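> Provided herewith is a single structure, encoded as structure tokens, for subsequent inquiry.
Each value in this text was obtained by applying a stated rule to the coordinates, not by laboratory testing. Remember, predicted model here, so these are calculated numbers, not experimental data. As a convention, Cβ positions derive from the backbone with ideal geometry for all residues, glycine included, and neighbour counts pool all protein chains shown.
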Amino acid sequence: MDFYGDVLLELITATGAALFAANAFALFKRRGDRQRAAREAVQRARPGSPVRGQVKVATTGTLSEVPVGRSVAYMLLGLLVFLWGLATITS
């Protein structure tokens with residue numbers, strides 16, 4: 001294999017590892033995200049809050065916690081890409 005092929009293979013392997021690690025970390029801190037979202041909801045709902053009437057739940061684009069199914073699917077995909085790349089590098 002040439003230099004560019006090796007670099008591309010290593011980048012793909014690193015991308016798979018990063019996808020796996022990032023989603024594992026997101027699942028790990030899921031409870032903290034739920035608690036933070038609950039605190040934020042209480043702050044926005046209290047009387048006298050300057051952002052009380054400005055809350056748009058459907059259009060904010062933020063999730064209160066990470067969806068488990070999506071994270072597990074991305075973890076499996078990342079693990080598959082990482083292992084395939086690692087097997088290709090070592091063979």
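> Give, as a single signed number, the net charge of other residues whose beta carbon lies under 9 Å from the beta carbon of VAL66, with Lys and Arg counted +1 and Asp and Glu -1.
+1
> Please compute the length gained on full extension between ILE89 and LEU27, using 0.36 nm multiplied by the number of residues separating them and subtracting their Cα-Cα distance.
19.4 nm
> Grab the beta carbon distance between LEU8 and GLN35, set R0 = 41 Å, and tell me the FRET efficiency rounded to 0.05.
In this case the efficiency is close to 0.50.
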